[in-house]
């Protein structure tokens, strides 16, 4: 069981070295380091710090200097921040405060005093607030934005907003656990224009919620709740509402006949109405009578089979979306009433087989028709679209199952501006195809077609085209004058995966006419060579995409400053480039990104990037990130980086190589007195982890000693820490030496390295640390000494430092090391981990009371026998306490062990301490309680009265025979673990209405045990973890329909050997996260994903299995294709596959993922192309972690080579068949060049 603890927020940061850097399109503006903490950035210097940003910086409390400075904006994200000090921001004059992804459980009433007239924006998303902290902000007279998204709030009241009546404009309460809106819930918020209540547990809306009219409310988001009807009466008073989102609810009918008499005659006018992904099967006559005028109406993703005549007779709708429904046919009468209003009709991804002739002739204003991805059989466009000669602007007939369409058959539509088709009767594009076309056509897409040849002057009749997309074809010939007539107009040309495999040289001849082209995409082909003059006519080009080809060389002169003066981005990733030659990239004034990731580069010649020192004067300031990871580098020489000049923020990742030692080359070595003057690099962050480094030469870091702020040397073979190597790095803030073979640390090793804040020496063999070694580190805050052989620490080792987090777990301590900290150091400590030691007791004589700021204490896996009564009573801020796995610990049922923690403790772990009964727990604020692996036969129902805030309850591995009734009486229960109990009667979970996540065993011994039946009333359930302890393939247990919100199915248990293909048939959510760990399953069948008919977006997470084969979960060629599934994320790190063509699809999938990643990101909405592992995680469409993940999965049948390597070099299937090979050395080199802007 992976323990949930706030400490993970801190200590996982030590491993998160380059995750954020991988997201090239989200690089933030790089401000200078703050004076009070160089790990944070400040846009200005004291006394006005401007914008202060601390992302992924460990800090259990806000630094004191912030309150003595003026701050415009303060952003704190993923810091482990556990509480805010009262009055602490009163002198800042803050305009905007954002605290996100922190374990904040409450906000003191006086937290924002002093900001009454300055704070306009208060954002507190994705924390752990269990109630609206209304008293803290009711005096903020200027507050316009309040964001409480992603917390644990279950109740709201009108009183919550007192004091904000005359200022608040935007209120975000999404992703909480609110199940009811009380009368007048938002009364008095006169100026509120946006209310976000998405993804809560709302089953209905009280009639009086909006009765005061909310005169300014425009945006109302109710999506992702459990509404079964459209709340017409409740919304009728919102006269100014323009956007209503009811998507992802349980609405099955548009009208509720019982409600109709009281709302007769009601008509709403909206800009946007979202009803997508509900359960509407039929639209009946009069269904839209209450929506008089709507600009855009979305009904996508409903199981809609019929639209009755008269559905829209009383409505005026301009755009109507029916994508990914189950419609078989459409006719003009289906949309009767919209003849004078309908402008766009999207019917993509249905089962339409025929189109009547003529279609929609009466719809005079219809401008856009989308029939993409249907099954339309042979039809005559001239007859079907008769009547649209001058009115239709946009037509999409693409899709491999749609009928063959001749371009000439569409020529009568003279005002066509956008046209997309797939299947053509011929494979050649010639001037005759566009004969008689109008001049207005601007965008042409012939995608996933049979296109083979583009003839000369092909577009002579459509000279105004701006966008051409010929992706997913097999084009073998583009004649030199193909684009001669559109050179002045064409802005974007895409042929991604569009060329025949026989085309090895980029077809540069046609480019000579494209003098106005801005974006060129020839990615995912098999291009091997680029002529040096290929792009010399592209004088206005801004972006080039040539990734995923076989290019082995970029010739000198390909890019020239006088020609490519507008060039901003160049992508050559995933090619075979071996050398970056001198003058490859010269004087390119607007270049912001060069991506050479995953090539075979073994040499970068000097002056390859010419005049880097001058770039700062032409708005190209910083080479931001150099990625050399996952290669076969055997040395790392700073002399290689002399060409990067005066860069101010250079990061180098050389991890996962084969470097045996860090040595100064004899040809460049000079005496210590002059070496800094000979070679001077500006590397700020250096990652050399996961190498074989056993020796570091004295003075090796001399070239970077004044620039380094972060140094990562984890997972090497270092045996000591010496002054000659680490003793003179005055700006170093973060040092990671974990996972080495350290046995000793020199007493003066950090003599002049005095600014370290974060130090990790974990996973070594250290038996003793000299007091003098760490004593000079007065700014030390986060210390990890876990997994060593320490029995004690020297007295007063931490005398001047304000230590905030100390991890001593997995050592040999027999008592609390209180003497190692001075009184002031002890008073600053917030997190202490002493798990996996040999402590026998905690006594009042241990002076634990000196840890008065302690918030997190882990004493698990010790030898605790007794705890003194009230031993924690002086720890008034303690929120997390772990006493688990102390099997001899005696807790008296009515003892005073937890005396003094009644109002502070949020997390308590009492697992595996041999409990026969539950001790008294008067902990009214407790949110998480572990009682697993004990001997509990029953749970007293009255226990719930003391645990009214409990969100997470783990009762796994006890002796329970029935589902305890406490699940009915815990009002806030969201996560419940009942696995591995001898249950004989399944009982009911029907009253646990707020349940989001359930761990449960497949109890074969229970008659007719079935998960859908048990979960029939748990409509809010998102995540189901199934433990298998008997021989079953889960067919019987999983048969039926699951709750609509359920998207995460995770299987575990060694007894699980086979998976029935039907287990996901009952999933009704379009998003599926499938997880599996610690099983005996060898094959995940393809049919399992095929049977999940409702699913569109898939993520898969597999670890610690016997898995050998994973079949392709996708059946769509890219994300977002209506009616098709696409795998968005795959994590299989540590798996051992049988590498054959059954997993060969992974290479093609990776290419498609990269090819369409930008489309996926730019079209992303809250629910489209959606992935997440847990309910509170946010979507990050640029997270490319899956690339490295496949490097860490292995081929059992190929000497344990990485899967990624086998896909590139060995497996001849899928994309790699016949012609795609890659050298074994795949040097990754990414250059991110970003603008550095300073806010004055």
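Taken together, the values in this text are just the output of simple stated rules run on the coordinates, not laboratory data. Here the structure is a predicted model, which means the values were calculated and not measured. Note: ideal-geometry Cβ built from the backbone for every residue, glycine included; neighbour counts use all protein chains shown.
Key figures for this structure:
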| quantity | calculated |
| --- | --- |
| Spin-label pair residue 46/residue 326, simplified geometry with 7 Å Cα→Cβ offset, distance in nm | 6.8 nm |
| 221, 292 arranged by Cβ crowding within 10 Å, fewest neighbours leading | 292, 221 |
| Rh by Kirkwood over Cα pairs, then Stokes-Einstein D for the stretch 283-344 at 1.567 mPa s and 4 °C, µm²/s | 112 µm²/s |
| FRET efficiency, residue 965 to residue 162 (Cβ-Cβ, R0 41 Å, nearest 0.05) | 0.60 |
| Cα pair count fraction exceeding 27 Å, expressed as % - the stretch 386-538 | 18 percent |
| Relative contact order %, the stretch 715-765, counting alpha carbon pairs below 8 Å whose residues are six or more apart | 46 percent |
| Residues residue 945 and residue 819, FRET efficiency given R0 of 56 Å [Cβ-Cβ distance, rounded to 0.05] | 0.85 |
| Directionally averaged shadow of the stretch 249-308, computed from the convex hull of its alpha-carbon atoms, nm² | 4.2 nm² |
| Rounded D (µm²/s) - the stretch 94-168, Kirkwood Rh over Cα pairs, Stokes-Einstein at 37 °C, 0.692 mPa s | 267 µm²/s |
| The chain: translational diffusion in µm²/s, Stokes-Einstein, Kirkwood Rh over Cα pairs, 25 °C, 0.890 mPa s | 73 µm²/s |
| Label point 7 Å beyond Cα of residue 1007 along Cβ direction - residues of the stretch 1030-1070 with amide nitrogen under 20 Å | 1036-1039 |
| Rough spin-label spacing in nm, given labels placed 7 Å along Cα→Cβ, for residue 602 and residue 406 | 5.7 nm |
| Sites residue 1141 and residue 1196, calculated FRET efficiency, Cβ-Cβ separation with R0 22 Å, nearest 0.05 | 0.90 |
| Extension gain, residue 467 back to residue 1124 (0.36 nm per residue minus Cα-Cα distance, nm) | 233.9 nm |
| Stretchable slack from residue 920 to residue 386, in nm (0.36 nm times residue separation minus alpha-carbon distance) | 184.3 nm |
| Share, in percent, of DSSP beta bridges within the chain that are antiparallel, nearest 5 | 5 percent |
| Ranking of 858, 440, 287 by count of other Cβ atoms within 10 Å, fewest first | 440, 287, 858 |
| Taking 152, 590 and counting other C-beta atoms within 10 Å, the order from fewest to most | 590, 152 |
| Label point distance in nm, residue 539-residue 1017, each placed 7 Å from Cα along Cα→Cβ | 7.5 nm |
| Paramagnetic reach from residue 336 in the stretch 276-299 [backbone N under 14 Å; point 7 Å along Cα→Cβ] | 284-287 |
| Residue-span extension gain [residue 1036 to residue 308] - 0.36 nm each, minus C-alpha spacing | 258.3 nm |
| For the stretch 989-1067, radius of gyration divided by Kirkwood radius, i.e. Rg to Rh on alpha-carbons | 0.93 |
| Mean Cα-pair separation over length for the chain, i.e. relative contact order, pairs under 8 Å, 6 or more apart, % | 5 percent |
| Protection proxy ranking, peptides 1071-1083, 487-499, average beta carbon neighbours within 10 Å, highest first | 487-499, 1071-1083 |
